[in-house]
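**Q** Quick one: structure below, then a few questions.
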Amino acid sequence: MTGKIKKARLFAALLALLLVLSACAMPQKQAASSPEEDLVMVGFSQVGAESDWRLANTQSMLSAFSAENGYRLTILDANQEPRNQITAIRRFINENVDYIVLAPTQENGWETILSEAKDAGIPVIIVDRMISISPDLGIDAESLFTCWVGSDFRREGDTAVAWMEKTFGDKPLNIVHLQGNLGSSAQLGRTEGLDAGLEAHENWSLAFRASGDFTLARGQELVEEVIRDGLLDPSVPDAVNVIYSENDNMAYGAINALKSAGLRPGEDVFIISFDAARTALHMILSGEISYDVECNPLHGPRVRALIEQLRAGKTPPKYTFVEETAFSKDNLTEEIISSRGY
Ligand code: AHR
């Protein structure tokens with residue numbers, strides 16, 4: 001064998017070795033990028049960050065839709081503005097996500113954007129609050145989403161009213177009503193519950209009603225206004241002053257306002273609230289909040305379970321109502337509070 005042939009063989013052997021090595025390296029490169037490609041893309045249009053409830057809800061979604069669980073979750077915070085949610089959903093459609101999750105700020109106004117999602121073939125899961133479509137539009141609201149999971153807000157309102165009946169009996173009630181975002185299911189259901197109570201009880205009267213947007217700051221401002229206007233005067237004989245606050249954060253604001261004015265929550269004014277977040281439950285034990293109807297924010301695993309059913313080719317239930325309870329001093333302990341997830 002000549003020197004030239006030897007060199008050519010050596011070169012060919014080296015080339016073959018290089019090809020084998022690079023072939024071995026290729027699958028590794030693919031393996032590094034394929035998990036990202038395999039992740040299920042979920043776009044979540046969240047209402048905002050207005051309350052403890054909402055923060056717990058966002059956290060629950062983040063944990064449930066982690067990359068370890070096989071998901072790539074994009075959350076867009078709408079800052080309580082429905083038009084921001086429409087922009088967010090349009091972006092998810094353009095990105096061709098696998099699933100859209102919508103927590104609607106309010107019930108109305110979804111027909112156009114959800115029809116676009118439907119035309120794009122992207123399943124929409126609605127969480128927490130509900131949507132509704134005006135009958136004049138002739139569109140079946142149920143055709144615009146795949147399934148829903150959330151709370152029965154009317155039942156929450158009824159639960160609060162039943163406690164007020166039982167606790168205050170025939171005494172005259174002077175009620176200050178702090179509403180959530182007008183037009184949201186949480187506001188509508190809880191307000192309907194109170195309206196039914198007002199209708200049924202001649203001894204109940206509504207002194208004030210306005211929206212505090214589910215925020216501490218607005219709740220505080222409203223109750224400061226109410227106190228300035230003399231609508232929560234503890235010296236009026238026989239009157240039981242009640243604040244019916246449609247969420248805990250507004251109740252915290254109300255408590256700040258009462259205390260600054262020298263009024264005692266739980267003695268001069270009774271506070272009924274919704275959500276039953278941890279801070280509020282401590283305020284029940286300290287007597288500042290009298291009753292709190294639970295609204296459970298831990299929807300992440302529930303939404304994931306619905307998506308997993310869809311991915312497995314199954315048909316999940318159209319509506320899933322979450323079981324909820326309510327707390328007063330009579331059924332609450334520190335152990336119960338620390339055993340809860342929020
Ligand atoms: O829709 C659920 C409501 O929204 C909660 O009661 C409130 O705290 C939140 O902002």
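**Q** At a Förster distance of 30 Å, what's the computed FRET efficiency of Ala261 paired with Glu165, Cβ-Cβ distance as r, to 0.05? Please report the intermediate quantities before stating the final value.
**A** Values: r = 28 Å, r/R0 = 0.94.
Step by step, r from the Cβ atoms, then E = 0.60.
**Q** Can you list residues from other chains, or at least 5 along the same chain, whose modelled amide H is less than 5 Å from the amide H of Ala210?
**A** Those lying under 5 Å, H to H, from Ala210 are His177, Gln179.
**Q** Okay, next question. When the chain is fully extended, how far beyond the present Cα-Cα distance does Asn108 get from Asn79, taking 0.36 nm per residue of separation? Intermediate values should be presented prior to the final figure.
**A** Details: separation 29, 0.36 × 29 = 10.44 nm, distance 1.70 nm.
This chain segment gains 8.7 nm when fully extended.
**Q** Work out, step by step, the length gained on full extension between Asp330 and Leu62: first 0.36 nm times the residue separation, then minus their alpha carbon distance; give nm to one decimal. If you can, show how the numbers build up before the last one.
**A** Working: separation 268, 0.36 × 268 = 96.48 nm, distance 3.43 nm.
Full extension from Asp330 to Leu62 adds 93.0 nm.
**Q** Given 37 °C and 0.692 mPa s, how large is the Stokes-Einstein diffusion coefficient of segment 199-296 in µm²/s, with Rh as the Kirkwood radius over Cα pairs? Can you show the working numbers first?
**A** Values: Rh = 13.4 Å.
Estimated diffusion coefficient is 244 µm²/s.
**Q** Further, regarding this structure: Which net charge results when you count Lys and Arg as +1 and Asp and Glu as -1 among the other residues whose beta-carbon is under 11 Å from that of Gly43? Before the final figure, lay out the partial values.
**A** On the way: positive: Arg72, Arg90, Arg91; negative: Glu95, Asp98.
Charge balance near Gly43 sits at +1.
**Q** Using modelled amide H (1.01 Å from N, peptide plane; none on Pro or chain starts), what sits under 5 Å from the amide H of Asp275, excluding residues fewer than 5 places away?
**A** Hits under the 5 Å cutoff: Val293, Glu294, Cys295.
**Q** Take the Cβ-Cβ distance between Ser115 and Ser235 as r, set R0 to 51 Å, and report the resulting FRET efficiency rounded to the nearest 0.05.
**A** On the way: r = 57 Å, r/R0 = 1.12.
With a Förster radius of 51 Å, E is 0.35.
**Q** To continue, here is another question. Using per-residue counts of other Cβ atoms within 10 Å, averaged over each peptide, order 307-314, 123-130 from highest down.
**A** Working: 307-314: 12.9, 123-130: 23.4.
Ranked from most to least packed, the peptides come out as 123-130, 307-314.
**Q** How would you rank 40-49, 329-338, 248-257, highest first, on the average number of other Cβ atoms within 10 Å across their residues?
**A** Working: 40-49: 22.4, 329-338: 11.5, 248-257: 26.4.
Answer by packing, highest mean first, reads 248-257, 40-49, 329-338.
**Q** Between Glu95 and Val322, how high is the FRET efficiency from 1/(1 + (r/R0)^6) when r is the Cβ-Cβ distance and R₀ = 30 Å? Nearest 0.05.
**A** Values: r = 29 Å, r/R0 = 0.98.
With a Förster radius of 30 Å, E is 0.55.
Coordinate-derived values only; no laboratory data. All values reported here derive from a predicted model rather than from experimental measurement. No Cβ is skipped: glycine too gets one built from the backbone with ideal geometry, and neighbour counts run over all protein chains shown.
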